Amino acid sequence: MGDSSHELKSSSSDLKSNTKRKSVPEVGTETLEGTEGDAFIISHVECPVTEELRNQIPKSSSGNRDLVTAARGFHLSFYSGLIISTLERAAYKWGISVARHPKRTILCCLALTLLSGFGLLRFQYESDPTKLWIPQESNFIRDTNWMKQKFPEQLRHNVVIYSSENVLSPEALREVYELYSSITKIRVGNYSWEDFCVKIPRVNSLPAAAQLGSDISPMALIKEEILTMKQYCKMLRILPKICLVRSILEFWNYDLDRHLPSNFTWIDVANDFKGEEFSLSPYYGLDTNYSMYLGGVTRDAEGNIISAASTILHFINEKPVGYQGEFDHLAASRFEQQGGIKDEGDSANRLWEQEFLAVVRKFKSRIGATVTFRAERSFSDLSNVAIINDVPFVMVSCMLMYAFVCLNLGKCDVIEMRVYLSIAGLLSIFMAFFVSLGICSAFGVLYSPVHNLLVLLLQGLGVDDMFVLMKMWNHLSSHGIAFCDGSELLPLHRRVGIVMKHAGISITVTSLTDFAAFVIGGFTVVVICLGLAFVTLGAYGVSQMRQHFEIAWFLPDESYLKDFLKDINDYFPAIGKRGFIVYGRMNHSGLVHDLRNLDEKFGGQTFVTSVDSWSQSFLDWMETFYPSEQMNDFTFAERFSQFLFMPSGAPYARNFVFNGTLTCGEPVPEILVSRTEYTMREVPTSNARVETMLELRAIVDNSGITATKSFPWSFEFSSWETDRFISGELIRNMLLASACVFFVTVLLIANIHASFWVLVCVAMTLISTTGLIHFWGLTIEIVSSLNLILAVGLCVDYAAHIGHAFMTCDGTRNERAEETLSKIGPAVLSGGFSTFLSLSVLYFSGSYVFMVFFKVFVATCIFGLYYGLLFLPVVLSLCGPPPYFAEVSCNDREDKGLGETKESKYNPAEEAHGHEDIL
């Protein structure tokens, strides 16, 4: 082998001047070029052609020598080699261009970055879950858009829950009243609570009602001919209107000083409630179930309420009359300071809610009671606060990554720490992120809270390229490749060109031979068994993985809204989740009985707690006051108008859209759209949620009601719709991603056998990762699914580098596996560790999105490195394919007189001169 090497070196210059080479595509780092003389080049080393070797080279029809390959599928290797050769040639040109014109290159990069910044003029931050997580062609999106178009009004609900040992004690009730009084005194500019609240007429202030008793309904007065409908409508226009706040305080007419003497005890209060749990509200004149405002109720043997653990105050707001947006700038600035995302409500209400939250926070109980609360703006305020609060973690991650890059690129001395080089490398990563953000914004791509994580992911992955380039640069000097004939230094632009050409293929020469030999020689069975154990345990975890999602997961752990949601579920499960059955244009007079039957069937479903049926209330009202009257279009229009202006029917008026103005004393105009409100209790599992949603839709679809449009709707369906598709979408996308990975791997590695084992490692990594996150407490939902799909692209890096490097090494399988780990192992390990380091600070995050990101990608790094650096080399050492250039097996090369290719290193002078045609 030594003589052969000497002969190669001595004949090098003659061959360069006397031979005309015909370029043949490269495969990996090795090339073989046919010549018109009697020499050819393998691995960039000119070798004499012996008669034995000449007979082993297949001939083409033109007489030229073709690629020597034992790889399966010659054409696959040929075209893959063509691609790699083209990419290497382009990279070499680019490296030379950059080195010759560094200032121009830097200015072009800065100009591209600045130019991309103009795309940020169209930057849009989107946090609406219906736009981010739900397919836009789904039933929920279609129905929601239709609902918003037909019912544009925006009522805003603000709720307080007061909890104590017994909220019916006089002391507790007085604290509730103090809280109510403080909230109703809130002002925003010149607007008071009376400007914000939803108002209804106080019908028990009618003169006749005052004479006969406040529990006498107006319709009874009309029926007894004490009052005519015309007189009632006239009085209704001048009746005082009062703010609608639903609470237990209605029972005492919001006047505790008068109705709750100081010497009262909780027993006296309980006695007041006996027989009055369902009664007419003395304040609003509405039929009221007071138990709806109490939670944790205790009853006596007769079923009467004697105590309760909590009570609720429900404030209902709407846009102030005459509001012209004078607080828009103020609301936006305060809103942004809180880190929230702007909701669709008017700025005046958002400011009122801000004061509402401040007032409730300041409340201090004298008897040890607790208060939880929510405003309409609460979720939009808090949904991203955790991510915004995690900015310090991102900064810490950047500093850790900077220190790690300095340690890897430089040396531990003052001269070669390469501080500025590390800064430049990290700056290039952030410039790439900025350019991508600008371009995507220019094309209208929305930026969501999840995109905040891309900085960390790109930082972890981006430094890998820095390691590759610098280790190849160091490789030139440490192995004498930077010098022609061992003395003359190659020009800078050629050295940079060589680095750019080989950086993607020959990454590092840091020696892990001892470690590799130890692992492969001593622990082959252990590595395989441990890998199979991981994947078996992972498969069990996958089988136990459940599909589940709660919107509250997006909230910070210590947020007031989480406490409120807990109290709602504990004390007021019947309030549940609101929804509507929505109908388009139809013949209401002819279908009112069918609508009532549908409401009854709807209310009989397992998870439906109540249906506020206007059709049932209207028919009951008709049965009371017009029992013998036949229903037709005319009588329906007249009676339904009366019903909607009575206390029992007035709350339903907002559930109709008329083709005209609804006027007291006149028949109702044509009804264009109507809806019926219902509530559902908490549905425990994702499967039950999907089944419930589909059942409710089927009930409406099969009701036989002939309307232009009919469907059940609830905001809860937004996440339930995602639950319906997420498992199938996850499996489909992971299979598609894996198929794409396999296709690209086969194309570039050019060997189906090696590509198969790479795909096996990817699959085992994904199975192990998914199983681990199950034991780590995660479920299948939109955030975890997105991260698992991204993990496909991350975990393939580890195995693909090892598989490709194995194909470029010669020798026995064991020797090739050891050399593979020696060449590529440190770069793969550094890349995996850099990704782990970038994500490690997220362990301390309080954001659900960040925690899912951390768990999925840490698991991917751990298992990706294990299967890539340990499992795959062991498998390839046992049953790996032959290298690219091996007509005969590696074990027979010495017998055939071919020697060991791994001892043949390419000539740097040939490398430089070989590219003169490019220059």
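Here are a few things to note about the model shown:
- Span from the region 100-164 Cα centroid across to the region 354-372 one, whole angstrom: 34 Å
- For the pair Phe658 and Lys199, a Förster radius of 22 Å applied to the C-beta separation gives a FRET efficiency near 0.60, rounded to the nearest 0.05.
- Model label points for Phe743 and Asp257, set 7 angstrom from Cα along the Cα-to-Cβ axis, are 7.9 nm apart.
- Among 232-240, 709-717, 615-623, sorting by the average number of other beta carbon atoms lying within 10 angstrom of each residue, highest first, gives 709-717, 615-623, 232-240.
- 5 angstrom amide H check on Phe373, placed H, neighbours 5+ away: Ile161, Phe564
- Rolling a 1.4 Å probe over the protein heavy atoms gives region 577-681 an accessible area of 42 Å² per residue.
- Accessible area of region 577-681 belonging to carbon and sulfur atoms, whole % at 1.4 Å probe: 46 percent
- Peptides 599-606, 833-840, 428-435, 450-457 ranked from most to least packed give 833-840, 450-457, 428-435, 599-606, packing being the mean of other C-beta atoms within 10 angstrom over each peptide's residues.
- Backbone N within region 563-600 under 11 Å of label point (7 Å from Ala688 Cα along the Cβ vector): none
- Toward the positive end of the charge dipole of region 796-868, with +1 on the Cβ of Lys and Arg and -1 on the Cβ of Asp and Glu, the farthest Cα among Leu821, Gly811, Ala800 is that of Ala800.
- The phi torsions of region 493-500, fed into the Karplus equation with coefficients 6.51, -1.76 and 1.60 and a -60° offset, translate into couplings of 5, 6, 5, 5, x, 5, 4, 5 Hz, rounded to whole numbers, with Gly and Pro shown as x.
- For peptides 815-827, 351-363, 692-704, sequence by mean Cβ density within 10 Å, most packed first: 815-827, 351-363, 692-704
- With all protein chains modelled, accessible area of Asp300 [1.4 Å, Å²]: 50 Å²
- Between Leu132 and Met431, the FRET efficiency estimated from the beta carbon spacing at R0 = 25 angstrom works out to 0.40.
- Among the listed pairs Lys93/Lys501; Lys148/Lys319; Lys241/Lys319; Lys150/Lys577; Lys150/Lys709; Lys199/Lys319, a Cα-Cα separation exceeding 18 Å is found for Lys150/Lys577.
- Region 759-817: C-alpha pair distances exceeding 12 Å, %: 71 percent
- Efficiency of FRET from Cβ geometry, Gln149 and Lys185, R₀ 30 Å, rounded to 0.05: 0.20
- Whole-Å semi-axes of region 538-602's equivalent ellipsoid (Cα gyration tensor): 39, 21, 12
- The Cα atoms of region 577-681 give a gyration tensor whose axes a ≥ b ≥ c have a/c of 1.5 or more with a/b greater than b/c, which makes the shape prolate.
- Relative to one another, the C-alpha centroids of region 632-699 and region 747-821 are positioned 57 Å apart.
- Taking all protein chains together and rolling a 1.4 Å probe, Arg654 ends up with roughly 90 Å² accessible.
The values are calculated or read from the model by the stated rules, or taken from the named source; none is laboratory data. Values in this document were obtained by computation on a predicted structure and should not be read as measured data. Cβ: placed from backbone, ideal geometry, glycine included. Neighbour counts: every protein chain shown. Ligands, DNA and RNA are excluded from the accessible area calculation, which covers all protein heavy atoms including side chains. Shrake-Rupley method; radii C 1.70, N 1.55, O 1.52, S 1.80 Å.
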